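Take a look at the structure set out below.
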Amino acid sequence: MSRLILPAVLFASLIGAVVLFAPQHEKANAADAVTRPADKGASRAYLHSYNIPSSGLALEGYCPVAYFAVKKPVLGKPEYASTYNDVTYHFVSADAKEMFDEDPEHYIPAYGGWCAFGMAKQDKFSVDPRNFKIVNDRLLVFLKNKNVDAREIWNQGDERANLAKAAAHWKKVSGN
């Protein structure tokens, strides 16, 4: 009987550690991984090379139009959703959804939603959608965690050179 208890305790400790050390916005997902049925569908994380959570929801639900309209990230609402290139976006209002639907290429994040700095370094970094910058009328999103603020590093460098490097790597990664 004790042989069964020890593995169960170790498994429970491991799951607790995953939840404890996961970034704050990922804690619910780490816990859900244990209870979520395996048949929920394939991950959409790399759909068309885009950076999409397994939910298939771009920008973690932030409205791509709000970055331009109010110059800050604002969570969208599921009742105002659009899908473009098999990627779902949420919007703050019917008007924002309509603006997106008229010109989605204008509002979607550059480099498939991957970190712009990561693209410039020829890598794919996950992003914090609250860490962004509009450059040349394009939405750039960046990695940010307790150790790294990629937007800050980007801003300290040569932006024109970083944009060229990021565009070249995105072309290679996306096949476009």
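The values are calculated or read from the model by the stated rules, or taken from the named source; none is laboratory data. Keep in mind it's a predicted model, so treat the numbers as computed, not measured. Note that we place each Cβ from the backbone using ideal geometry, even for glycine, and neighbour counts take in every protein chain shown. Each accessible area value is taken on the protein alone, full model and side chains, heavy atoms only, with ligands, DNA and RNA left out. Shrake-Rupley method; radii C 1.70, N 1.55, O 1.52, S 1.80 Å.
Numerical summary
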item	result
The stretch 105-176, accessible area per residue, ligands and nucleic acids excluded (1.4 Å, Å²)	54 Å²
Sequence of Glu159, Glu60, Glu98, Glu79 from largest to smallest accessible area, 1.4 Å probe	Glu79, Glu98, Glu60, Glu159
Candidate residues Arg130, Arg151: accessible-area rank, largest first, probe 1.4 Å	Arg130, Arg151
Built amide H within the under 5 Å cut-off of Asp128, gap 5+	Phe142, Leu143, Lys144
Rg over Rh, two decimals, the stretch 98-159 (C-alpha only, Kirkwood Rh)	1.00
Efficiency of FRET from Cβ geometry, Lys146 and Glu98, R₀ 30 Å, rounded to 0.05	0.20
Hull-based mean projected area of the stretch 42-176, where the convex hull spans the alpha carbons, in square nanometres	8.0 nm²
For Tyr62, distant residues with modelled amide H under 5 Å away	Gly76
